[in-house]
Amino acid sequence: MTRQVVRSPKKNFPAWGWIIGIAVVALAIFAAYTALAAPAGEKALPREINATQAAELRDQGAFILDVREPDEWNAGHIPGAAWIPLGELASRLSELPQDQQIVVVCRSGNRSATGRDILLDAGFQRVTSMGGGMNSWVSLGLPTVTGP
């Protein structure tokens, strides 16, 4: 008596299975990247925050970077802020801390977004910009100092 082996037809993996598999891998990579972007226990910074949030971060030790022009800086800036005009920022990156959160500030929020993007492109990971800029900071009555 001869045994006959019956083989089932070969089943193909469905296309939707591949799509789900790729999506799961992509999400895992994204989760790993965001976990590395911020130290343990620290949330990644949003791309933009408001003046109240910037004041809270400053009080918690964040580095405040003002990217306005000299006359704007002298007219009033955030106490303890560092000043590097936006046009000089790319050449002065070595002056910025890698181990602190950085909040980039300007007059209205446009230049600070550009400054934030310069820092992100240079590999700084804990950077945000302050929407509304010093206009918003002053309108909330938050502290400023004048002069160089």
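So which residues in the range 115-137 are under 23 Å from Asp71 (Cβ atoms) and surrounded by 15 or more Cβ atoms within 10 Å (Cβ to Cβ)?
Hits for the range 115-137 are Gly115, Arg116, Ile118, Ser129, Met130, Gly131, Gly132, Gly133, Met134, Ser136, Trp137.
Here are some conditions: (1) assigned to a loop (DSSP other than H, G, I, E, B); (2) in contact (Cβ under 8 Å) with a residue 40 or more places away in the chain; (3) not hydroxyl-bearing (Ser, Thr, Tyr). Pro97 meets all but one. Which one does it not meet?
Among (1) assigned to a loop (DSSP other than H, G, I, E, B); (2) in contact (Cβ under 8 Å) with a residue 40 or more places away in the chain; (3) not hydroxyl-bearing (Ser, Thr, Tyr), Pro97 violates only (2).
Quick test for you: out of Ile78, Ile84, pick the one residue that is under 15 Å from Ile49 (Cβ atoms), of a type outside the set (Asp, Glu), more than 16 Å from the chain's Cα centre (by Cα) and buried (at least 19 other Cβ atoms within 10 Å of the Cβ).
After applying the criteria, what remains is Ile78.
Coordinate-derived values only; no laboratory data. As the structure is a prediction and not an experimental result, all values here were calculated from the model. In this analysis, Cβ positions are derived from the backbone assuming ideal geometry, glycine residues included, and neighbour counts consider all displayed protein chains.
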